[in-house]
Structure formats: C-alpha cells, structure tokens
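Only one structure is covered here, and it is reproduced in the block below.
The values are calculated or read from the model by the stated rules, or taken from the named source; none is laboratory data. Predicted model only: the values in this text are computed from it and were never measured. Cβ placement follows ideal geometry from the backbone for every residue including glycine, while neighbour counts extend to all protein chains displayed. With ligands, DNA and RNA removed, areas are computed over all heavy atoms of the protein, side chains included. Shrake-Rupley method; radii C 1.70, N 1.55, O 1.52, S 1.80 Å.
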Amino acid sequence: MRKVSSLVFGLGVFLFFWLVLPYHLRFHEQFQFFRFGKDYFMDTVLHPEGFSFYLGGFFTQFFLYPWAGALIIALLLVLMQRLVARISYGVPGRVAGRVPGSAHSSAPGSTPGNTFWYPLTFLPSAFLWLLLCNENYMISAVVALLLALWAVDLYQSAGKRKSRIAVFYILQPVLFFLAGGTVLIFTACFLYLEAFRRGCTDAGSTDAESTNSGSTNPESPNPGNTGSQTVCPETTGSGNTSRWKAYALRVIPSVALVFLYPLVARLFCQYPYEKLLGGIHFYRYYYFSYPMQYIAWALAAAVPLLCRLIPSPGTGRLNRLNPAPKPDRLHRLIPASGPGRGSRIVSAVLWVLITAGTVVGLCRFAGLDKERLFGYDILVYEEEWEDVLQRAQKDPPGTSIEMVAVNLALWKTGRLETDLFHYPQQGPEGLMLPFRRDFVTPLMMSEVYLHLGMVNSAQRNAYDAMEAIPDFQKSARCYKRLAQTNIINGHYLVARSYLEQLSKTLFYRKWAHETVQYLGNDERPEDEEHIAEHPLYGRIRRIRYRDEMLFSPQGLNAMLDVLYRDNRENTMAYAYMLAYTLLAKDLERFADYITLEYPAGSDKPLPVPYQEALVLYWVQNHSSLEGIPWNISGDIRKKLNDFTAAYQQFAGGRPERALKKDFGKTYWYYVFFTKI
C-alpha cells in the first residue's frame with residue numbers, strides 16, 4: 001500500500017507538469033546553460049552549494065522536452081518522500097521496515113515512528129510540488145534538500161555511537177559545501193535523533209544493546225503495531241543527568257559549527273552570510289529571499305519527529321525519547337496488536353486532508369496566466385505559427401507580449417493584413433513592445449526584430465535578456481540567437497565563439513556542429529554563397545538595413561519606413577508599418593504610407609482593414625464617400641452606414657456592447673472603443 005501511494009503521487013506530479021505546466025519547464029531550460037567539460041564543472045562546484053547547482057543544471061537541460069522534465073521532477077519528489085519515510089521509521093537498508101521481532105527491525109537505538117502518520121511523509125514533497133509551480137524556484141533547491149535527507153539517512157544507518165557521531169561530523173561540513181543551507185535540516189535531525197537514541201542502559205553500554213527490537217513496520221500486514229514500545233524504567237537522578245550531559249557534549253558543537261561554516265566560507269567566497277546559510281541558487285532572483293522554501297525545510301526536518309512523538313490513536317500519551325528494549329523471545333510469544341478502527345480513520349482523514357490541501361494549493365499556485373505567456377514565447381521561438389493562432393482562438397491573449405506573438409504569427413501565415421482586428425488588439429505595444437528591464441520581453445522582441453531584418457536590434461535584445469537574468473546565468477537560447485545574428489552580420493569569429501560553447505551542450509551540439517560548417521576553417525574560407533542561400537541568413541541579409549541606423553523607440557514607424565524603402569522586398573516591414581499606424585490610430589500617416597503600394601486611383605484590391613481605415617479617414621474630412629480615391633468595395637460602404645446608424649442609436653449609453661456582435665472585428669470598433 002505504501003509503495004502504491006508513492007507511485008500514485010509520482011504519477012500525479014508527472015501528469016501535472018507534463019500536461020498542465022509544460023512551458024514552465026521550458027522556461028527553466030532556456031535560462032540556464034549547462035555544459036559538459038572540466039572548466040564548467042570546476043567553475044560551478046568550487047563554491048558552497050555548487051554541487052547541488054551543478055546537478056540542478058544537469059537535470060534542467062532535459063526540460064527542453066517537457067515529458068522528460070516532468071519525469072525528473074516526479075522521481076525527485078518521490079525519492080524525497082521515501083527518504084522522509086525511511087528517516088521516520090529508522091529502518092536501514094530500505095524505506096520499508098522488516099518484520100517485527102527480527103533482529104534488525106530498526107536502526108540501532110532508534111525509535112521508529114507510528115505508521116498511522118505515514119501520510120505525513122508526503123508533506124515535504126507535496127509542498128515542494130507547490131513551490132515548483134513558481135517559475136523562479138530552482139530545481140537545485142530540490143537537489144540540495146535531497147542531499148540533506150540522504151545525509152540524515154547515512155548518519156542514521158551508521159551503527160554504533162562512536163561511528164555514528166564521527167559520520168555526522170564528517171558529513172556536516174561536506175554537506176554545507178555540497179548543498180549549502182540545507183545543512184540546517186541535517187543538524188536539526190541530528191539533534192532529535194540523538195535524543196531518541198539516548199538509551200536506558202548504563203553509560204558504558206553500547207547502542208546495540210539498547211536497540212528497540214519491537215519497531216513498527218510501515219509495510220507490514222499490521223502497520224499500526226506500536227504495542228511493542230514500552231517506556232523506560234525509572235532511573236536515578238544522577239544517572240539521568242549524566243546521560244543528558246553526554247548528549248549535550250555530542251550535539252552542542254554541531255549547532256555552533258553549522259553557523260560557523262558560512263563565516264569561514266566568506267573568507268574564500270564573496271557571498272553574504274544570509275545567502276550562504278539561506279541558499280545562493282535556490283531562487284532565481286538572487287537579491288530576494290523566498291521564505292516559502294524554509295517551510296519545506298521545516299517540514300522535512302519536522303515530519304520524522306512528529307511521526308516518532310505523536311502517540312498512536314488510543315494510547316493517550318506521547319512516545320518517550322528512550323524506549324526500553326524487549327527480548328526477541330518475547331516478540332515471538334506476545335503477538336502485536338493490530339490497527340484499530342480509530343487508527344484507520346485517522347490515516348484516512350490524513351490522506352484526505354493532504355490530498356485536498358495539495359489540490360487546493362495547485363489551483364492557487366499553478367500560475368496558468370504565466371503558463372499561457374510562456375507558451376506563446378516558446379511557440380514563437382520554435383516558429384509554430386499555426387499553434388500560436390490556435391492558442392489565441394481558444395484563449396484570447398491578455399497581455400501586450402502575447403499580442404506581439406499573435407501578430408507575428410499572423411504575418412508569418414499571411415493573415416496580418418486581413419485578420420489584424422480579429423484579435424483583441426491593445427495598441428502599438430501589441431505589435432512592437434518598447435524595451436523593458438526584464439529577461440522575458442527582450443527575447444520576444446528579438447524574434448520580431450530578426451524576422452523584420454533589424455539584425456542589430458535583435459542581437460541587442462538577446463544580449464540584454466541574457467544579462468538581465470536575475471541569478472547571473474547564461475542562456476543557451478540567447479547564445480544561439482547571438483551566433484545567428486553575428487553570422488548574418490559577417491562577424492564569423494564572434495559567431496564561432498558562441499558555437500563552441502553550444503557544442504559543449506547535450507541538445508544544442510548538433511545544431512552548433514551543423515552551423516559552424518558555414519564559417520569554414522583554416523583551410524577553407526567562409527562559404528558566403530552557402531550563407532546567401534540559407535533560408536534565414538540569406539533572406540535576412542537581403543532585407544536588413546543598408547546603412548547604420550540609430551534605434552529610436554519613439555520612432556518605430558519611421559524606422560520601418562526606412563527599412564522598407566531600403567529594400568522593397570521587405571514586405572513585412574511595410575505591413576508592420578501600416579499596422580503600427582493603424583494601432584496608433586494615426587490615420588494621417590496611414591493615408592500617406594498606403595500610397596507606397598496602393599496609389600490613389602489604383603484598382604489594386606485593398607485588404608478589408610485598410611478599406612475600413614481609409615473610409616474613416618475620408619469621412620472625417622468629407623461629408624460622404626463621394627470622390628474617395630481608393631477602391632472601396634460596396635460591402636464596406638454599406639457596413640459603414642450600418643455602423644454609423646447603430647452608433648447613433650446607442651449614443652449616450654454603452655454602444656460598445658451592442659455593436660460588438662456585428663462590428664467587433666472592424667477597425668472602426670477598435671478606434672472608438674479601445675483605449676491605448
């Protein structure tokens with residue numbers, strides 16, 4: 001039953017991240033840059049917490065495939081639950097206990113937990129599941145917590161007292177170096193596990209002599225068996241005091257050392273004391289703490305203690321810290337009591353509460369709005385244009401950055417000029433976002449600028465995005481973009497340096513090796529003809545700026561005008577220029593730009609949004625459509641009359657609601673009812 005519950009939990013985690021938050025995983029992957037090689041390994045691990053960060057990066061690279069990332073997270077969280085259960089029940093060799101009454105049914109001197117509380121062992125993993133819904137909570141934090149629990153398990157299985165204490169004091173500094181602040185969990189577990197191991201025998205007796213042979217077994221047919229536990233016989237005051245003094249001598253140095261390690265580390269690494277103790281790489285925003293993670297730490301340390309201290313239903317008292325041993329012969333003669341009805345009810349209630357709490361927490365912390373944003377970004381990066389538009393049809397975009405993705409997809413599918421107002425436009429920012437000081441927006445705009453032929457702007461945005469990553473990491477996606485822009489600009493040595501780093505990765509190596517072939521080598525020069533024929537590099541080279549341009553966020557339409565006039569082949573620049581003026585409601589400039597491709601008196605058919613804009617521009621200065629120089633269809637003329645009549649009918653009220661059904665996809669509706 002216990003293994004089945006762990007399997008069900010892992011399956012739930014896997015399906016959730018694979019089906020509900022797959023783009024959260026892709027978000028993690030694109031803002032790390034794990035590389036194989038000695039240099040990266042040494043640079044990463046030679047500082048406190050570096051090893052857990054290295055392992056976290058190793059796992060994160062597989063998030064490029066959401067199913068693989070979901071599987072890794074599920075395995076890590078299940079492993080954590082099993083480790084917590086193992087620590088709670090003090091069983092060496094496996095999570096499940098041995099048959100009660102056997103010679104090795106529990107760790108030496110341990111007090112196993114009551115298996116009625118077995119559902120509590122899922123609490124740390126379930127809480128981490130919620131934390132991982134935050135796209136800035138790093139997988140290295142999970143790895144570090146696992147390392148701490150693994151160290152507790154090693155200490156617990158060490159055997160006799162002297163070897164056990166030696167193992168702890170060896171593991172404590174090692175764990176601090178490998179996993180940083182999670183050494184606090186290791187130390188906290190050591191404090192109460194040693195208290196439980198404070199045996200009832202004389203000071204000179206060994207821990208093996210005080211072994212509790214009657215441990216409970218979470219996997220046994222009688223999982224509620226706690227009847228074999230007895231209280232320690234009363235001892236003299238002096239004997240009890242001497243044992244507590246011995247306990248204090250064993251554990252007090254561990255408390256002092258755990259706060260001393262960060263001070264020593266600061267002599268070699270320039271990190272603040274609170275980051276060394278609280279986590280350097282556990283949260284993406286380096287300068288901000290994430291207090292929620294410390295709840296997970298507290299749960300990981302407290303659950304084994306609770307399982308040992310909380311009494312079985314019906315006993316009415318807490319378990320003592322020093323259970324008395326029973327001879328093996330008595331276990332064979334006195335059968336263990338089975339779980340009662342109250343015990344089963346308590347376990348069932350715990351299962352329901354933990355499951356319900358997890359579901360409610362996932363609904364609260366899932367971050368589906370961010371998942372939608374990440375989805376648009378990844379689909380644009382992978383040039384899945386039809387998928388972008390299908391997503392917009394099912395779940396209309398709610399932010400400017402999402403509209404940037406939709407408008408780019410409209411152009412790439414040949415529908416920008418006709419379907420521009422079939423989607424909830426939000427002004428010019430929904431076409432070309434101004435620069436923002438974050439590490440997400442510049443990546444989206446880098447995609448737009450590259451396809452427009454504004455190569456230097458695409459390169460600058462990719463570089464700025466990478467440098468804005470809050471935890472100072474590099475980005476494989478940005479390295480790839482920087483290699484592309486430098487190839488287009490002819491900076492082959494710079495491009496080669498980016499490709500060399502990408503060739504050290506697992507999933508970008510193939511692309512890097514294929515791309516570096518365009519750059520030639522010492523014996524063969526760059527293959528300019530091959531680059532010119534490339535579907536991306538060659539096309540962008542032909543449509544980019546011919547002369548240097550000073551980027552102006554306030555004059556994007558003018559920059560698009562220059563880009564189009566430099567090369568009339570760049571039809572995307574022309575379409576974006578017209579769309580920008582339409583979204584800015586600048587009809588004067590639109591009427592000026594439209595003549596570049598649709599001169600007055602031409603019979604060339606105009607897209608419907610262009611006709612709607614031109615008739616609105618005309619009637620603002622004329623009493624009727626008489627004499628309009630553009631080819632306006634009869635349907636547009638009739639529709640304008642209908643819109644005017646309906647607007648006048650609802651004047652003074654809220655006409656946008658009444659007009660949305662018939663005119664919601666027209667440019668007129670956008671002009672009158674959309675605030676920019």
- Message: Anything in segment 490-506 that is assigned to a loop (DSSP other than H, G, I, E, B) and open to solvent by less than 40 Å² (accessible area, probe 1.4 Å)? List them, or say none.
- Response: 490, 503, 505
- Message: So the check is Cβ under 7 Å with 6+ separation or different chains; which pairs have a first residue in segment 3-29 that's closer than 27 Å to residue 380 by Cβ and a second one that's modelled with pLDDT of 95 or more and among the hydroxyl-bearing types (Ser, Thr, Tyr)?
- Response: 28/60; 29/60
- Some residue of segment 339-359 being of a type in the set (A, V, I, L, M, F, W, C) and farther than 20 Å from residue 4 by Cα: no
- Item | Where a residue in segment 278-305 is under 29 Å from residue 46 (Cβ atoms) and its partner, wherever it lies, is charged (D, E, K, R) and assigned to a helix (DSSP H, G or I), with Cβ under 8 Å and at least six apart | 286/275; 289/274
- Message: Just to be sure I understand the filter: pairs with C-beta atoms under 8 Å, separated by 6 or more residues or on different chains, first member in segment 425-444 and small (Gly, Ala, Ser), second member open to solvent by 10 Å² or more (accessible area, probe 1.4 Å). Which pairs pass?
- Response: 427/400; 427/584; 427/674; 427/676; 430/400
- Name the residues in segment 241-271 that are part of a loop (DSSP other than H, G, I, E, B) and either surrounded by 13 or more Cβ atoms within 10 Å (Cβ to Cβ) or basic (Lys, Arg) (or both), would you? 269, 271
- Looking across segment 463-473 at residues that are of a type in the set (A, V, I, L, M) and not in a helix (DSSP H, G or I), the single one that is surrounded by the fewest Cβ atoms within 10 Å (Cβ to Cβ) is 468
- Task: Look at residue 296 and say whether it is surrounded by 14 or more Cβ atoms within 10 Å (Cβ to Cβ) and outside any loop (DSSP other than H, G, I, E, B).
- Result: yes
- Task: Check segment 197-214 and report whether any residue there is surrounded by fewer than 22 Cβ atoms within 10 Å (Cβ to Cβ) and at pLDDT 50 or above.
- Result: yes
- Out of (1) in contact (Cβ under 8 Å) with a residue 60 or more places away in the chain; (2) open to solvent by 40 Å² or more (accessible area, probe 1.4 Å), what's the single condition that is false for residue 476? (2)
- Message: Tell me whether segment 275-288 contains one or more residues that are assigned to a loop (DSSP other than H, G, I, E, B), among the aliphatic types (A, V, I, L, M) and at pLDDT 90 or above.
- Response: yes
- Tell me which residues, restricted to segment 507-522, are at pLDDT below 95 and open to solvent by less than 70 Å² (accessible area, probe 1.4 Å). 515, 516, 518, 519, 520
- Message: Among the residues in segment 140-151, are any surrounded by fewer than 21 Cβ atoms within 10 Å (Cβ to Cβ) and of a type in the set (S, T, N, Q)?
- Response: no
- Message: Just to be sure I understand, how many residues within segment 633-668 are under 14 Å from residue 614 (Cα atoms) and either at pLDDT below 90 or of a type in the set (Ser, Thr, Tyr) (or both)?
- Response: 3
